[in-house]
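A.B. asks: After the structure tokens below, expect a handful of questions from me.
We did not get these values from a lab; they are worked out from the coordinates using the rules stated. From a predicted model like this one, the values you see are computed outputs, not experimental measurements. Using ideal geometry, Cβ is built from the backbone for each residue, glycine included, and neighbour counts are taken over all protein chains shown.
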């Protein structure tokens, strides 16, 4: 799935078991979907950027876990994914991940308002996540943020 494609009708659930339609997160504005696996080192590196992305006015941010509820909660706690980040679960065999074409974790999809893919970042790349953040802010009509700096650790790690 790449830029310009319509987001698929993929459903996950929140940690209370309620269904969430991923494309619907972009109904009122842009949304960033971050697919991850808790034991993936690149996912852990990338997670620090999510609360900073969630601070972009008008941007919905969702962390979509490929783990069970306990590991999802633990990852969210370790990485401070509470304020402004929706923590969701794509239960095995990961139908939403498959629908989006996730090949590795982490993979981030930026959805434009209305649900078209506006950008994709696979693995961890500081330059890519900052570019995706700038694109998200532009879609939301907000100033571009810097969501990762050299002080956050390595600038690149494949997923």
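A.B. asks: Cut-off is 10 Å between beta-carbons; in what order do 13, 78 appear when sorted fewest neighbours first? It would help to have the intermediate numbers written out before the result.
C.D. replies: On the way: 13 15, 78 11.
Taking fewest neighbouring Cβ atoms as first place, the list is 78, 13.
A.B. asks: Still on this structure, please answer the following. Evaluate 2.2 N^0.38 Å with N set to the residue count of the chain, then give the Cα radius of gyration divided by it. Let's see the in-between values first.
C.D. replies: On the way: Rg = 13.9 Å, N = 159, 2.2 N^0.38 = 15.1 Å.
My calculation over the Cα atoms of the chain gives 0.92.
A.B. asks: How do 79, 48 line up, fewest other C-beta atoms within 10 Å first? Don't skip to the answer; put the middle values down first.
C.D. replies: Numbers: 79 22, 48 17.
Ordered from fewest to most neighbouring Cβ atoms within 10 Å, 79, 48 come out as 48, 79.
A.B. asks: For a Förster distance of 25 Å, can you work out the FRET efficiency between the beta-carbons of residue 16 and residue 116, rounded to the nearest 0.05?
C.D. replies: Details: r = 29 Å, r/R0 = 1.16.
My answer for the efficiency is 0.30.
A.B. asks: Can you give the % of DSSP beta bridges in the range 25-125 that are antiparallel, to the nearest 5? Display every interim value, and only then the final one.
C.D. replies: On the way: 10 of 21 bridges.
Roughly 50 percent of the DSSP beta bridges within the range 25-125 come out antiparallel.
A.B. asks: Ok, one more. Is the C-alpha gyration tensor of the range 99-159 telling us rounded, prolate or oblate? Criteria: a/c under 1.5 is rounded; beyond that, a/b larger than b/c is prolate, otherwise oblate. Intermediate values should be presented prior to the final figure.
C.D. replies: Details: a/c = 3.73, a/b = 1.11, b/c = 3.36.
It comes out oblate by the Cα gyration axes.
A.B. asks: Using helices alone, what [θ] at 222 nm do you get for the chain, with -39,500 (n - 2.57) per DSSP H run of 4 or more residues, divided over all residues and rounded to the nearest 500?
C.D. replies: Working: 5 runs with 44 residues, N = 159.
Here the helix-only value at 222 nm equals -7500 deg cm²/dmol.
A.B. asks: May I pose another question? Given contacts defined as C-alpha pairs under 8 Å and at least six residues apart, what's the relative contact order of the chain, whole-number percent?
C.D. replies: Worked out over the chain, it gives 31 percent.
A.B. asks: How far is the Cα center of the range 85-159 from the Cα center of the range 12-67, in Å?
C.D. replies: What the calculation gives is 8 Å, centre to centre.
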